[in-house]
Amino acid sequence: SDERENLSYELFGTAMREMAQAIADDGYEPDIILSIARGGLFVAGGLGYALDVKNLHVMNVEFYTGVGTTLDMPVMLPPVPNVVDLSKKKVLVADDVADTGRTLKLVHDFCAEHTAEVRSAVIYEKPQSLVKCEYVWKHTDRWINFPWSVEPPVVRRENQVRDA
Ligand code: 5GP
């Protein structure tokens, strides 16, 4: 089907409660939620409240086109979380979607080197993902419209009232 997967903000709220319940029922009690910016910030916030975890960190990852190569690969952008903050901790990596899974794999492997335990939570996982996340709200092979990125950024309007 060429139908898209449409996530509304309301359905996102439901997804966060359901994912948090599944994580709690599984007995996983993360010390840290590590979000992958920017989509993962919403997920980390939602799960952080629902699981009562206040220790949230952010990882910035961007796809980088290597100079002189056709290979695209995700890279971690500074500031990278301090490994001392992660050591001996149970980490939950939070993102919006695992598509190829390369973004999540990069962060997962980084955490696996520096933490006690790492698990991953995503709203959507696609069948081709290299990483099989422990917590997935929905499996899909469609393109997903997320509520935070379905509309283009706002542009400044002329303000006739203020400038009158
Ligand atoms: P990856 O391929 O590394 O798993 O995903 C990289 C990033 O591509 C995701 O974090 C997300 O920002 C974007 N992406 C992948 N699939 C989709 C999709 O179906 N819809 C939207 N809106 N973004 C996607």
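The values are calculated or read from the model by the stated rules, or taken from the named source; none is laboratory data. Everything quoted here is computed from the prediction, not taken from an experiment. Note that each Cβ is placed from the backbone with ideal geometry, even for glycine, and that neighbours are counted across all protein chains shown. Side chains are part of the model used for accessible areas, which takes the heavy atoms of the whole protein and leaves out ligands, DNA and RNA. Shrake-Rupley method; radii C 1.70, N 1.55, O 1.52, S 1.80 Å.
See the values below:
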quantity	calculated
Unmet criterion (only one of (1) outside any strand (DSSP E or B); (2) more than 26 Å from Trp143 (Cβ to Cβ); (3) in contact with a helix residue (DSSP H, G or I) (Cβ under 8 Å, 6 or more places away or on another chain); (4) open to solvent by 20 Å² or more (accessible area, probe 1.4 Å)) for Arg17	(2)
Residue tally, condition more than 19 Å from Ala98 (Cα to Cα) and in a loop (DSSP other than H, G, I, E, B), over the range 20-48	6
Every residue from the range 147-164 that is of a type in the set (Gly, Ala, Ser) and within 13 Å of the ligand (Cβ to nearest atom)	Ser149
Matching option when the condition is of a type in the set (A, V, I, L, M, F, W, C), at pLDDT 95 or above and over 16 Å from the mean Cα position of the chain (by Cα), among Ala44, Ala22	Ala22
Sole exception among (1) open to solvent by 30 Å² or more (accessible area, probe 1.4 Å); (2) over 16 Å from the mean Cα position of the chain (by Cα) for Val80, by number	(2)
Tally of residues being under 28 Å from Glu29 (Cβ atoms) and touching a strand residue (DSSP E or B) at 6+ places or on another chain (Cβ under 7 Å) across the range 127-161	10
Subset of the range 112-146 (residues that are over 20 Å from Glu18 (Cα atoms) and within 13 Å of the ligand (Cβ to nearest atom))	Pro127, Gln128, Ser129, Leu130, Val131, Asp141, Arg142, Trp143
Single residue of Ile36, Ile32 found to be over 24 Å from Gln128 (Cα atoms) and in contact (Cβ under 8 Å) with a residue 40 or more places away in the chain	Ile32
